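> The structure's right below; bear with me while I get my questions together.
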Ligand SMILES: C[S@@+](CC[C@H](N)C(=O)[O-])C[C@H]1O[C@@H](n2cnc3c(N)ncnc32)[C@H](O)[C@@H]1O
């Protein structure tokens, strides 16, 4: 049977991966709120969307997940960022992030690693974790190494993806999205000094086209976080696979 008749090719599982990412951010935000509560920290959650783009998926989701009191910081080294009309959404500078003066509770790195060669991504993650030791890192990216170029182009057709395809050209777009398997993504993240929860990347859709890792700096596993799966499971609609692998 031609790959073009496989069910995933009908829609590329864009909506499925989006819904999983919403649930994942929701679960991590709930966890960090709880962590602050247990530690007697009354400051609201502050999240960083690292590599946010003009108005990427991660920003849209985080704006919806965080409360009005919680703060969202956006950073992109190369792209302009759409100004926000919302008082709790700000732009961060490299100094805010890498000086470590400001400590974020959540750092999203959503579809950013695919834009970099592995060595560059490792350096970026290593510098980030050095400066940001108390964050929960939510890393979402494509895991399409085992697919052909034709399959990748047939699969990644959401509006956002078509925008990047036009911008980068189809060859560069496909090659960058085919860099990783779930395992190589975990290895990359761990080689930068982060620890992936349960040592796993979880599939974001039934075909594993995209995967997610929740990670933290290696020295940072407070006892109150060790087993919150049950409480979190009650509050979120994470699929079993994502929930089991990363919470
Ligand atoms: C495919 S977009 C993803 C945007 C958004 N995070 C999302 O989930 O839709 C990747 C973004 O990462 C940014 N980026 C690439 N390398 C970066 C780096 N070293 N530091 C910060 N941002 C970077 C690019 O400029 C681009 O806007």
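Any read-out appearing in this document is the output of simple, stated calculations on the displayed coordinates, not a laboratory observation. All figures in this text were calculated on a predicted structure; none of them were measured in a lab. Positions of Cβ are generated from backbone atoms using ideal geometry, with glycine treated the same way; all protein chains shown enter the neighbour counts.
> Residues to consider are 68, 47, 79; find the one that is surrounded by fewer than 16 Cβ atoms within 10 Å (Cβ to Cβ), touching a residue at least 12 places away in the same chain (Cβ under 8 Å), within 16 Å of the ligand (Cβ to nearest atom) and not in a helix (DSSP H, G or I).
79
> Mind checking which residues of region 119-130 are more than 13 Å from the chain's Cα centre (by Cα) and within 13 Å of the ligand (Cβ to nearest atom)?
Answer for region 119-130, where residues must be more than 13 Å from the chain's Cα centre (by Cα) and within 13 Å of the ligand (Cβ to nearest atom): 119, 120, 121, 122, 123, 124, 126, 127, 128.
> Could you check region 82-94 and list, in sequence order, the residues that are closer than 15 Å to residue 55 by Cβ and either within 13 Å of the ligand (Cβ to nearest atom) or touching a strand residue (DSSP E or B) at 6+ places or on another chain (Cβ under 7 Å) (or both)?
Listed by number, the residues that qualify are 82, 89, 90, 91.
> Right, something else. Filter region 50-65 down to residues that are more than 9 Å from the ligand (Cβ to nearest atom) and surrounded by 15 or more Cβ atoms within 10 Å (Cβ to Cβ) and give me whichever is nearest to residue 112 (Cα to Cα).
62
> Scanning for something within 13 Å of the ligand (Cβ to nearest atom) and either touching a residue at least 24 places away in the same chain (Cβ under 8 Å) or within 30 Å of residue 150 (Cβ to Cβ) (or both), does region 30-41 turn up at least one residue?
Looking through region 30-41, none of the residues is within 13 Å of the ligand (Cβ to nearest atom) and either touching a residue at least 24 places away in the same chain (Cβ under 8 Å) or within 30 Å of residue 150 (Cβ to Cβ) (or both).
> Can you tell which of 106, 97 is more than 9 Å from the ligand (Cβ to nearest atom) and touching a helix residue (DSSP H, G or I) at 6+ places or on another chain (Cβ under 6 Å)?
From the options 106, 97, the qualifying one is 106.
> Just to be sure before I move on: is residue 27 closer than 25 Å to residue 188 by Cα, touching a helix residue (DSSP H, G or I) at 6+ places or on another chain (Cβ under 7 Å) and more than 16 Å from the ligand (Cβ to nearest atom) in the structure I sent?
In short, yes.
Residue by residue, here is whether (1) in contact (Cβ under 8 Å) with a residue 60 or more places away in the chain; (2) within 16 Å of the ligand (Cβ to nearest atom) holds:
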position	(1), (2)
142	yes, yes
162	no, yes
174	no, yes
181	no, no
197	no, no
212	yes, yes
215	yes, no
